[in-house]
Amino acid sequence: MSGEVTMAAGRRPDTAARWWGSLAVAALAVAAVTVTAQAVGRFHWWAGFVLVPGALIAASGGPLLLRGGGRGFVGYLLACVGGLVFAVGGLLMLGLMGRGWPLMITLPALAIAGTYVWHAADPLPAAFHRTIAMLALVTAALGITFLLLVNGVLDFGDRGWWGGFIMAGGAVILGNGLELLRHQIPYRAQAVTLAIGPGVIALLLGLRFLRDWPFNL
């Protein structure tokens, strides 16, 4: 009994340290954005009502994330939601939403991709989860491309460049479907067939945007 009490007492300072550390990181992040906005002459004080809650929400997820397991997943969700709100607040405070809005595509996509850390052990749901996570990575790359286009770093002209991302998505679906062939699981043939169809269609559709071939619509 005394041993259990000692262990519980030992865990409390460690838990408190995690919470205080997470709050300290949130405070530093808010201070960094605020000081930067003031330094460049783009300070919008009202954005603090978005920035600070986002930092606090993200901070509440940090200690849970470190605990792992189911609580870790809840902490991850809180950290992602808070981080997204914080990013919105940061863009608003710096007056960069007009040029930084593609981050609202990239950041949620990366958050979805990160959930694969908690994928199922069964091959079929794991393959489905992996497909979603990899499609999210493709979406994140699309957001980064938009960011570069909006800020004048890239210029593809009138070319249907987005076809490459459609083809990438098709390759992800097709590849994860074919990967199921190496597993001895029920409904394997049906699952592979369901993946091949959309994958091939996406590949051809992306090719149509890139090269206007083989269809002339």
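Worth a mention:
- Selection status of residue 106, closer than 30 Å to residue 27 by Cβ and either of a type in the set (Val, Ile, Thr) or free of Cβ contacts under 8 Å to residues at least 12 places away in the same chain (or both): yes
- Test: residue 203 is more than 30 Å from residue 100 (Cβ to Cβ), out of contact with any Ser or Thr (no Cβ under 7 Å at 6 or more places or on another chain) and without any contact (Cβ under 8 Å) to a residue 24 or more places away in the chain: no
- Residues in the range 57-77 that are of a type in the set (A, V, I, L, M, F, W, C) and either buried (at least 19 other Cβ atoms within 10 Å of the Cβ) or outside the structural domain of residue 23 (by TED's automatic domain parsing) (or both): 57, 58, 59, 64, 65.
- Considering 121, 113, 141, the condition of being closer than 28 Å to residue 182 by Cβ and out of contact with any helix residue (DSSP H, G or I) (no Cβ under 8 Å at 6 or more places or on another chain) is satisfied by 121 alone.
- Just so you know, in the range 138-187 the residues that are without any contact (Cβ under 8 Å) to a residue 40 or more places away in the chain and touching a Leu at 6+ places or on another chain (Cβ under 6 Å) include one that is farthest from residue 114 (Cα to Cα), and it is 154.
- Residue within the range 108-123 that is buried (at least 17 other Cβ atoms within 10 Å of the Cβ), among the polar types (S, T, N, Q) and in a helix (DSSP H, G or I) present: no
- Meets criteria (over 28 Å from the mean Cα position of the chain (by Cα) and not in a helix (DSSP H, G or I)) for residue 190: no
- Any hit, the range 36-54, residues being in a helix (DSSP H, G or I) and among the charged types (D, E, K, R): no
- Residue match in the range 122-130 (condition: closer than 19 Å to residue 80 by Cβ and not assigned by TED's automatic domain parsing to the domain that holds residue 89): yes
- Search result, residues across the range 157-190 that are charged (D, E, K, R), surrounded by fewer than 15 Cβ atoms within 10 Å (Cβ to Cβ) and closer than 20 Å to residue 123 by Cβ: 182
- Of the listed requirements (1) at pLDDT below 95; (2) more than 23 Å from the chain's Cα centre (by Cα), residue 96 misses just one: (2).
The values are calculated or read from the model by the stated rules, or taken from the named source; none is laboratory data. For clarity, every value in this text was computed on a predicted model and none was experimentally measured. All Cβ positions, even for glycine, are placed from backbone atoms using ideal geometry, and neighbour counts span all protein chains on display.
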